[in-house]
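The values are calculated or read from the model by the stated rules, or taken from the named source; none is laboratory data. It should be emphasised that the depicted structure is a prediction, and the values quoted were computed from it without experimental measurement. Methodologically, a virtual Cβ is constructed for each residue, glycine included, from the backbone with ideal geometry; neighbour enumeration extends over all protein chains shown.
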Amino acid sequence: MELAIGNYLTLKSRSGDRVFRFQNFHINATATHAGQTYNFLPFGFSGVSINRTGDNTEASLVLPNNKLSRDWEISAVNNRWLATVLVMALNPDDASQATVMHQYVGQVAAGNWDEASLQLALNTVLDAVGADVPMRRLTQALVGALPISSNVRLS
């Protein structure tokens, strides 16, 4: 039996009223895992654990750019949706045979797009070792106008 690696993605709003489930392996097909159905969407995922202690780093999702995906991407960034990515060992011939190898849970922290793709940056929800809340990104909404000069002093 041949095995391959694929990803199952669940994106949900913080209130839980909007949920999207996608998988990136079985082309033009759906896959089922733990009673949930995942539709095909070509996307890339770059989440990893970087050291022996299991501390997660920021991860990213790369998705196709179209009107539909841009609409919910804006909502995901503005409302800090949660993303769960299951890295799966899959049987290429049978979508029902899947084993979870790694699970990454992150909060959508930022997003952008170009002509072909859109990217979502995910911050880890909790540090695996210290159970610390992730650091926040500094945005204009949090800190006000940013300086336009390099002559800045912190006091």
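Going by the structure shown, is LYS67 more than 16 Å from LEU122 (Cβ to Cβ) and either modelled with pLDDT under 90 or not aliphatic (A, V, I, L, M) (or both)? Against the criterion (more than 16 Å from LEU122 (Cβ to Cβ) and either modelled with pLDDT under 90 or not aliphatic (A, V, I, L, M) (or both)), LYS67 qualifies. Condition check: at pLDDT below 85, surrounded by fewer than 16 Cβ atoms within 10 Å (Cβ to Cβ) and not in a helix (DSSP H, G or I). Does ALA131 satisfy that? Yes; evaluated as a whole, the condition is true for this residue. Among the residues that make up region 36-51, is at least one of them modelled with pLDDT of 90 or more, surrounded by fewer than 11 Cβ atoms within 10 Å (Cβ to Cβ), farther than 23 Å from GLU115 by Cα and not acidic (Asp, Glu)? Looking through region 36-51, at least one residue is modelled with pLDDT of 90 or more, surrounded by fewer than 11 Cβ atoms within 10 Å (Cβ to Cβ), farther than 23 Å from GLU115 by Cα and not acidic (Asp, Glu). Within region 72-115, if we keep just the residues that are touching a Lys or Arg at 6+ places or on another chain (Cβ under 7 Å) and in a strand (DSSP E or B), the residue that is farthest from LEU142 (Cα to Cα) turns out to be TRP113.
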